[in-house]
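A short worksheet on the structure shown next.
The values are calculated or read from the model by the stated rules, or taken from the named source; none is laboratory data. Note that this is a predicted model, so its numbers are computed, not measured. As a convention, Cβ positions derive from the backbone with ideal geometry for all residues, glycine included, and neighbour counts pool all protein chains shown. With ligands, DNA and RNA removed, areas are computed over all heavy atoms of the protein, side chains included. Shrake-Rupley method; radii C 1.70, N 1.55, O 1.52, S 1.80 Å.
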Amino acid sequence: MELMEAIYTRQSVDRADSISVDSQAEFCRREATGECVKVYTDRGYSGKNTDRPAFQKMMADIMDGRIRRVIVYRLDRISRSVLDFVGVIEEFQRHGVDFVSTMEKFDTATPIGKAMLMIVMIFAQLERETIQQRVKDAYQARSRHGLYMGGKVPFGFGLKEAVVDGVMGKIYAPAPEEMEIVRTIFSMYAQPHISLGDVERSLATGKIKSRTGRPFTRSQIRDMIVNPCYVRADYRLYEFFKGQGTNIINSLEDFSGRTGAYLYTGTNETRKTLSLEGHILVLAPHEGVVSSEVWIKCRSKCLKGSEAVRPGKAKTSWLTGKMRCVQCGALLSVKVYHCKTKMDNRYYLCMGKCGFGSLDADAVEKLIFEEIREKLGKFNAISKVEQGSRGLERARLNARIKQIDQEINSLLQKIPQAGEADMEDINAQAILLDTEKKRLSIKAAQPEQEDAYRVNSIPGYLDNWEKVSLCDRIIVANSLIKSIIASQNKIRINWNI
């Protein structure tokens, strides 16, 4: 079968100053090199996209292998969008179709045509990246206002329209019945010896169900516990996330203990449920419902998970319970392969189903030990005590002072409706708050202390690590390391120190 040459013509509006589709076809026939030519014409269609009947019929014939060459009067007959145009050209290339534009002398079968095509593609890539950056910037701008950014609304909340800092959007609104369940879950899990499984079983026994009408699962409970949208964000929460390496958008003074917070994915490839480092925390406009003390206690338990292994439990590695997969977050366990002719081989394998592969356990443990030695080596000298903690303390005091001002203003708003007994109570509370504010103001105004110095040393038993028992090694690991996130190319340690 002889392949055709296709002529494509398009005219959005029939005007006296525009070239007709018949004239376009006549110009294009001069570029044709064979007798088998078919004309595809779209009348009254804009070039803003490629959703045009004749054009789509031509593309279908190209995909069926019937066309070897496409000729147009001008490039904008295909599309006025650079991205659409490049997409069409790439489709042409995949099917071995040459492209010719009569007015621009654009022919992809010639060297100059190919060079021009590369230039067009470069500009198309620039347009793609510009659009992506605009979307990213818009997302970040809206997220910093604390507006709802799409996705599943957490259990305990609904949505309502709101204007935040002059920007219209949606914010979370508490759903009272669901929020009571949320409070119950946090209060239970905050108890030291209560696990996620215990909470799951307790909810099932009480026939408390999720939004779908089904019993709560451990993963649903965990997702709820680690979400800072429920917390009343105060200085404790600020210090917690700062200590975890999270990028915090708001200043410490804004953490008044009233609103919740959002945690967005940042630069860290690790999931937010495993590590908070590199992610982004923004204060939300809705009110929090769980105290920071309870929330941090629950979140810390989730961060540790099963990492703190009892010394008598592990038998194959002193890092048991510490190693997690960067891809799926599951624990890595040690598998021992026994050999008759040589020493046994030990490998870390992912307990999930993500195709992680394996890691040489001996090599990993040697690497972790060297990192421990290096970490502790930083303290094996006379070192200056950092005074940055004083600045953090001052910021925390100022945050509490700001919170006291808000509480006093709330009391003043109650005065017009207050009775005589209520007035005495309001006056007593105001005096207490004012006294606390004066005390904190004096403390916040105190000057920096002079530089202090300290001496630290490495425990001596690290010099004889090979002779240290597995039980003692586990104690050392539990003391120094929170978790280890591992991939085939990189191992990252989250330290307790």
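Restricting attention to the range 180-206, which residues are outside any helix (DSSP H, G or I) and either open to solvent by less than 20 Å² (accessible area, probe 1.4 Å) or at pLDDT 90 or above (or both)? Across the range 180-206, the qualifying residue is only A190.
Just name the residue that is modelled with the highest pLDDT out of those in the range 265-277 that are open to solvent by less than 10 Å² (accessible area, probe 1.4 Å) and of a type outside the set (V, I, T). Taking the candidates together, the pick is L276. Against the definition (at pLDDT below 75 and open to solvent by less than 20 Å² (accessible area, probe 1.4 Å)), how does A124 come out, yes or no? Yes; evaluated as a whole, the condition is true for this residue. For the range 380-419, enumerate the residues that are outside any loop (DSSP other than H, G, I, E, B), farther than 16 Å from S441 by Cα and at pLDDT below 70. Of everything in the range 380-419, those that are outside any loop (DSSP other than H, G, I, E, B), farther than 16 Å from S441 by Cα and at pLDDT below 70 turn out to be I382, S383, K384, G388, S389.
The single condition among (1) under 18 Å from R492 (Cβ atoms); (2) at pLDDT 90 or above that M323 does not meet is (2).
Of all residues in the range 403-437, those that are open to solvent by 80 Å² or more (accessible area, probe 1.4 Å) and either of a type in the set (D, E) or within 20 Å of L252 (Cα to Cα) (or both) total 4. One residue stands out among those in the range 220-240 that are open to solvent by 20 Å² or more (accessible area, probe 1.4 Å) and not acidic (D, E): the one that is nearest to L397 (Cα to Cα), which is Y235.
Restrict the check to the range 248-264 and report whether at least one residue is charged (D, E, K, R), out of contact with any His (no Cβ under 7 Å at 6 or more places or on another chain) and either open to solvent by less than 50 Å² (accessible area, probe 1.4 Å) or under 27 Å from Q327 (Cβ atoms) (or both). There is no residue in the range 248-264 that is charged (D, E, K, R), out of contact with any His (no Cβ under 7 Å at 6 or more places or on another chain) and either open to solvent by less than 50 Å² (accessible area, probe 1.4 Å) or under 27 Å from Q327 (Cβ atoms) (or both).
Restricted to strands (runs of 3 or more DSSP E) entirely inside the range 4-102, those with at least 2 residues that are within 25 Å of K114 (Cβ to Cβ) and open to solvent by less than 10 Å² (accessible area, probe 1.4 Å) are 4-11, 67-72, 98-101.
Taken as a whole, the structure places S317 among residues that are under 19 Å from S479 (Cα atoms), crowded, with 21+ Cβ neighbours inside 10 Å, modelled with pLDDT of 80 or more and among the polar types (S, T, N, Q). Among the residues of the range 454-476, is there at least one that is open to solvent by less than 40 Å² (accessible area, probe 1.4 Å), in contact with a Ser or Thr (Cβ under 9 Å, 6 or more places away or on another chain), over 30 Å from E277 (Cβ atoms) and at pLDDT 75 or above? For the range 454-476, residues open to solvent by less than 40 Å² (accessible area, probe 1.4 Å), in contact with a Ser or Thr (Cβ under 9 Å, 6 or more places away or on another chain), over 30 Å from E277 (Cβ atoms) and at pLDDT 75 or above: absent. Within the range 346-370, being in a loop (DSSP other than H, G, I, E, B) and in contact (Cβ under 8 Å) with a residue 60 or more places away in the chain holds for F356, G357. Listed residues G96, G150; which is at pLDDT below 70 and of a type outside the set (A, V, I, L, M, F, W, C)? When all the criteria are applied, what remains is G150.
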